[in-house]
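Chemist: Have a look at this one.
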Amino acid sequence: MRKSLIIAGLALAMATGSAHATGVGVGVYGGLAYPIVQDDVDSGTLLGLRVPVSLTPLITVEPFYMSSALGDKDQTLGGLTYTREGFDGKGYGLNAMLGSPIGMGVHFYPVAGIGKYKLERTGSEDIDEVGYNIGLGLGVGATPKMTLQLRGELNLVKTGDSSRKFANVTGGLTYSLMP
Amino acid sequence: MKANKWIVPALVLMLAAAGCILVSGQFLIDFDLPNFQAQTNSSIVAEDIDLNTESDYKDHKDDLQDLVDLAVLGKFTNHSGGAIGVEVWMTPTTTNYTNSTDISNHATKVWGPFVVLAGATKTVDWNESASLFTKSGKQLLIQEIKGDGQFQLYAIGNTTTYDFSVSNGVLALVLDFAK
């Protein structure tokens with residue numbers, strides 16, 4: 001049900017976006033994911049795709065897809081060192097931003113979003129849950145069509161009444177398709 | 001500007017929903033197990049586990065949400081003439097079973113078989129160990145961890161006759177706490 005709602009939301013955002021957009025871009029990004037208060041996983045890498053759609057000069061929505069490879073965690077227990085495999089993650093969802101991340105000049109913007117995330121590793125039950133993002137972004141447009149994106153986000157994947165939390169730091173490039 | 005009217009309350013609602021799961025973490029708790037040797041029907045090994053001896057567990061027991069990862073770790077040596085599979089069985093209260101038949105009839109299998117070839121010494125890998133937990137055993141462990149935190153473990157072989165020893169043994173639990 002939640003998965004259907006998120007897919008429907010993404011489709012709606014794309015549809016309304018294309019009809020009323022004042023700006024549309026497509027971007028790739030990559031960076032680092034740092035687990036927060038998690039003894040069984042280490043920091044890793046992430047990469048993904050974003051499609052910012054500026055609905056008004058103040059509001060931008062952004063469907064995204066991400067893939068992560070979290071690091072293996074070493075622990076010394078009983079005098080021996082063991083390695084626990086990190087999660088492989090995938091996620092998709094929708095961000096909302098105040099302002100536009102694309103275009104000429106320097107743009108600071110707050111970002112928040114919701115998505116569906118799946119975390120998998122050997123010997124653990126899959127985590128397949130809704131997650132939330134909140135953070136700050138910086139867009140630096142050196143040319144009218146290409147913008148450098150730097151972003152810091154807290155990503156929180158809900159697990160029952162608890163959560164897996166990650167601090168993500170990413171950089172990327174967004175190409176402006178419109179205007 | 002109409003869009004601005006709903007997006008701020010929507011962000012506030014989303015953050016409020018996430019807030020209740022923000023104060024959470026996954027903590028490793030490990031118990032050193034004594035070195036032991038187990039032989040068919042003559043040397044049954046039982047270990048009492050009391051999670052309350054671990055301050056992390058004791059201090060945050062009320063905030064415990066789930067058991068998210070677990071492993072039986074250590075160095076296993078097979079002194080038998082043939083390959084054996086080491087198994088760990090559990091009882092929620094203290095018992096005094098004296099042979100493997102009684103154990104398999106009355107206790108719950110939580111882990112195994114971990115196969116060790118004749119005469120071999122093998123250190124179990126965390127990823128493999130996590131995969132060897134049974135569904136019913138994990139469920140019983142969760143029940144005990146959320147209950148009084150006390151239970152008993154037995155180590156036996158899955159063959160008619162067996163003779164094995166374990167050194168550097170550890171029971172590793174990753175517990176999910178949230179306020």
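The values are calculated or read from the model by the stated rules, or taken from the named source; none is laboratory data. What you see is a predicted model, and the numbers here were worked out from it, not measured in a lab. When we count neighbours, we look across all protein chains shown, and the Cβ atoms used for this are built from the backbone with ideal geometry, even at glycine.
Chemist: Pull out all pairs, ordered by first then second residue, where Cβ-Cβ is under 7 Å, the residues are six or more apart or on different chains, the first lies in the stretch B:69-84 and is among the aromatic types (F, W, Y), and the second is modelled with pLDDT of 95 or more and in a loop (DSSP other than H, G, I, E, B).
Modeler: B:F76/B:V124
Chemist: Identify all residues within the stretch B:47-73 that are away from chain A (no Cβ under 14 Å) and part of a strand (DSSP E or B); write none if there are none.
Modeler: Answer for the stretch B:47-73, where residues must be away from chain A (no Cβ under 14 Å) and part of a strand (DSSP E or B): B:D48, B:I49, B:D50.
Chemist: Among the residues of the stretch A:94-140, which ones are assigned to a loop (DSSP other than H, G, I, E, B) and not charged (D, E, K, R)?
Modeler: Start the filter on the stretch A:94-140 by keeping residues that are assigned to a loop (DSSP other than H, G, I, E, B), which leaves A:99-104, A:121-126.
Correct list: A:G99, A:S100, A:P101, A:I102, A:G103, A:M104, A:T122, A:G123, A:S124.
Chemist: If you don't mind, there's one more thing I want to ask. If I filter the stretch B:42-62 down to residues being β-branched (V, I, T) and surrounded by 13 or more Cβ atoms within 10 Å (Cβ to Cβ), which single residue comes out as nearest to the chain's Cα centre (by Cα)? Quick ask: steps written out before the conclusion?
Modeler: Applying the first criterion (β-branched (V, I, T)) to the stretch B:42-62 yields B:44-45, B:49, B:53.
When the remaining residues are screened for being surrounded by 13 or more Cβ atoms within 10 Å (Cβ to Cβ), the result is B:44-45, B:49.
Numbers: B:I44: 20, B:V45: 17, B:I49: 11 Å.
Step by step, filter the stretch B:42-62, then rank; the result is B:I49.
Chemist: Here is a list of conditions, (1) assigned to a strand (DSSP E or B); (2) polar (S, T, N, Q); (3) more than 14 Å from chain B (Cβ to nearest Cβ), and A:T143 meets all of them except one; can you say which number that is?
Modeler: Every condition holds for A:T143 apart from (1).
Chemist: Going residue by residue through the stretch A:146-169, is there one that turns out to be touching a residue at least 12 places away in the same chain (Cβ under 8 Å), in contact with a Lys or Arg (Cβ under 6 Å, 6 or more places away or on another chain) and within 14 Å of chain B (Cβ to nearest Cβ)?
Modeler: yes
Chemist: Looking only at the stretch A:19-48, count every residue that is among the β-branched types (V, I, T), in contact (Cβ under 8 Å) with a residue 40 or more places away in the chain, within 30 Å of B:L28 (Cα to Cα) and part of a strand (DSSP E or B) and tell me the total.
Modeler: Number of matching residues: 1.
Chemist: Pairs only if they're at least six apart or on different chains, beta carbon under 8 angstrom, first in the stretch A:108-132 and of a type in the set (S, T, N, Q), second assigned to a strand (DSSP E or B); list them, first residue then second.
Modeler: Final answer for the pair search is A:S124/B:V68; A:S124/B:D69.
Chemist: Out of everything in the stretch A:79-127 that is among the basic types (K, R) and away from every other protein chain (no Cβ under 14 Å), what residue ends up being surrounded by the most Cβ atoms within 10 Å (Cβ to Cβ)?
Modeler: Only one residue fits best here, namely A:K116.
Chemist: Could you list all residues from the stretch A:49-66 that are away from chain B (no Cβ under 14 Å) and either without any contact (Cβ under 8 Å) to a residue 24 or more places away in the chain or under 18 Å from A:L177 (Cβ atoms) (or both)?
Modeler: Once the filter is applied, which keeps residues that are away from chain B (no Cβ under 14 Å) and either without any contact (Cβ under 8 Å) to a residue 24 or more places away in the chain or under 18 Å from A:L177 (Cβ atoms) (or both), the stretch A:49-66 yields A:L49, A:R50, A:V51, A:P52, A:P63, A:F64, A:Y65.
Chemist: Something else about it: Looking only at helices (runs of 4 or more DSSP H) that lie completely in the stretch B:74-179, which have at least 2 residues being away from every other protein chain (no Cβ under 14 Å) and of a type outside the set (K, R)?
Modeler: Where helices (runs of 4 or more DSSP H) fall fully within the stretch B:74-179 and carry at least 2 residues being away from every other protein chain (no Cβ under 14 Å) and of a type outside the set (K, R), they are B:100-106, B:135-146.
Chemist: Here's something else I'd like to know. Go through the residues of the stretch B:17-33 one by one and say whether even a single one is modelled with pLDDT under 80, within 27 Å of B:D148 (Cα to Cα) and crowded, with 19+ Cβ neighbours inside 10 Å.
Modeler: Yes: one or more hits.
Chemist: Of all residues in the stretch A:132-144, which are surrounded by 15 or more Cβ atoms within 10 Å (Cβ to Cβ) and of a type outside the set (F, W, Y)?
Modeler: A:N133, A:I134, A:G135, A:G137, A:L138, A:G139, A:G141
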